[in-house]
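Undergrad: Sharing a structure below in structure tokens format, with a few things to ask.
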């Protein structure tokens with residue numbers, strides 16, 4: 001918040017100058033009022049964040065909406081991937097927020113149980129079937145495992161321990177043996193996605209935290225080394241959104257896909273943020289210059305005015321040009337980029353202060369899933385505390 005605070009104080013200089021000019025003294029009120037408004041907003045936003053007001057509001061939304069009976073019911077208009085990602089991100093947001101909103105513990109345990117029961121039920125997700133090839137299902141493994149892991153770590157209840165162990169052991173051992181240190185996200189894709197495999201690293205971290213294994217230690221370095229040695233895109237130090245088995249870039253980086261990669265990378269191993277090159281590169285390519293200390297624009301593509309090919313496929317099932325700012329908020333929190341976090345946080349807080357909240361009850365299930373996914377990603381960032 002310091003740059004925004006100093007920006008407000010800057011207006012005291014013209015106010016003082018005008019005050020000392022008798023003929024212009026009346027005009028001193030304008031920069032003085034501007035200074036008071038900017039400083040007031042800065043302090044108010046900081047207190048809003050410190051007191052977890054936006055986080056509490058977002059957690060209330062998630063607890064309410066993730067309890068709705070129709071949200072996780074399968075239908076052709078709302079594919080399993082979108083629901084599973086919402087369950088994963090929603091459970092992570094609630095898991096992180098739990099120590100900050102202790103009064104909601106009963107509701108948190110209830111919702112996390114519901115999500116874990118859904119993710120562990122073979123009637124909901126085909127990947128639990130006997131014929132599923134888990135070597136080509138890292139999206140499922142990462143996010144279903146995260147949902148169950150969040151529940152077990154919060155409650156210490158092992159109702160779904162068999163499912164969690166199956167996923168944790170498969171991921172830990174398979175990535176350790178894997179030539180590319182990556183697994184394909186889905187059976188119908190012949191390429192690898194760093195964002196989905198970063199989510200797998202996060203799930204392995206949850207598994208290690210609960211069972212005392214060390215799969216992350218043995219996998220994380222080889223995984224990051226492979227990305228750095230083979231998969232940086234063009235002149236950047238960021239990986240493609242997807243690459244082939246011959247290390248050819250299939251989908252160029254996008255703000256959402258790459259942002260999820262660096263955010264999950266940091267969440268899996270917080271020590272990774274000591275080397276903050278991925279974050280600096282992400283902000284360099286996707287952040288847009290703004291003179292406002294209370295907002296920051298994130299473009300979906302690396303080059304201004306040039307939309308990436310197959311942009312929506314980069315972070316599937318998330319749509320392009322929709323989630324960039326909330327992903328940026330999460331990544332900024334993980335990488336301790338305080339001013340960037342403040343600007344992205346402020347834009348959302350000001351919007352909530354002055355505009356009516358979203359009426360989720362009016363949204364169809366697919367649109368509600370998308371909107372709640374955005375709330376969940378934002379809440380993950382808001383719930384981060386050093």
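No lab work stands behind these numbers, since they all come straight from the coordinates. Just so it is clear, the model here is predicted, and its values are computed rather than measured. Cβ placement follows ideal geometry from the backbone for every residue including glycine, while neighbour counts extend to all protein chains displayed.
Undergrad: Picking from 143, 182, 284, which is most flexible by a Gaussian network model of the chain using Cα springs under 10 Å?
TA: Most flexible of the set in this elastic network: 284.
Undergrad: If one takes the longest principal axis of the Cα atoms in the chain, at what angle in degrees, from 0 to 90 and to the nearest 10, does the Cα axis of helix 255-268 lie?
TA: 70
Undergrad: Ranked by Cβ crowding within 10 angstrom, fewest neighbours first, how are 128, 353 ordered?
TA: Details: 128 17, 353 13.
Starting with the residue having the fewest Cβ neighbours, the order is 353, 128.
Undergrad: So, one more: What's the angle, to the nearest 10 degrees (0 to 90), between helix 194-211's Cα axis and the longest principal axis of the chain?
TA: On a 0 to 90 degree scale, this one is about 80.
Undergrad: Based on the mean of other Cβ atoms within 10 Å per residue, sort peptides 194-203, 92-101 so the most packed one is first.
TA: The packing order, highest mean first, is 194-203, 92-101.
Undergrad: In a Debye calculation with equal point scatterers on the alpha-carbon sites of segment 194-256 and no solvent, what is log10 I(q)/I(0) at q = 0.12, 0.13, 0.14, 0.25 Å⁻¹?
TA: -0.35, -0.40, -0.46, -1.03
Undergrad: How far, in nm, would the chain grow between residue 100 and residue 173 when pulled straight, counting 0.36 nm per residue and subtracting the alpha carbon separation?
TA: That works out to 22.8 nm of additional length.
Undergrad: For the ranges 285-296, 111-122, what's the packing order if you count other beta-carbon atoms within 10 Å of each residue, average per peptide, and put the highest first?
TA: Numbers: 285-296: 15.5, 111-122: 20.5.
Those peptides, ordered most packed to least, come out 111-122, 285-296.
Undergrad: Defining a contact as two alpha carbons under 8 Å apart and six or more residues distant in sequence, what relative contact order in percent does segment 52-382 show?
TA: 19
Undergrad: May I ask for the percentage of alpha-carbon pairs in segment 231-295 that lie more than 13 Å from each other?
TA: 66
Undergrad: Arrange 260, 72 by Cβ neighbour counts within 10 Å, fewest through most, would you?
TA: 72, 260
Undergrad: Which residue, 310, 192, 233, tops the fluctuation ranking in a GNM of the chain built on C-alpha contacts under 10 Å?
TA: Comparing 310, 192, 233 in a Gaussian network model of the chain, the most mobile one is 310.
Undergrad: Of all alpha-carbon pairs in segment 135-247, indicate the percentage at a distance above 18 angstrom.
TA: Tail of the P(r) past 18 Å holds 47 percent of the pairs.
Undergrad: Then there is this: Tell me the Rg and the Dmax, in Å, that the Cα atoms of segment 171-321 produce.
TA: So, for segment 171-321, Rg and Dmax equal 15.6, 49 Å respectively.
Undergrad: Helix-only estimate, please: 222 nm mean residue ellipticity of the chain, summing -39500 (n - 2.57) across DSSP H runs of length 4 or more and dividing by its residues, to the nearest 500.
TA: -19000 deg cm²/dmol
Undergrad: Let me ask another. Largest first and in whole Å, give the semi-axes of segment 347-386's equivalent ellipsoid, each being the square root of 5 times a Cα gyration tensor eigenvalue.
TA: Rounded to whole Å, the semi-axes are 21, 16, 6.
Undergrad: Right, another one. Relative to the present Cα-Cα distance, how much length would full extension add between residue 360 and residue 132 at 0.36 nm per residue of separation?
TA: 78.6 nm
Undergrad: Which three extents, in whole angstrom, do the alpha-carbon atoms of segment 143-183 cover along their principal axes, largest first?
TA: Extents along the principal axes, in whole Å: 36, 15, 12.
Undergrad: Just the Cα atoms of the chain, one point each, no solvent: what log10 I(q)/I(0) does Debye give at q = 0.07, 0.12 Å⁻¹?
TA: -0.33, -0.90
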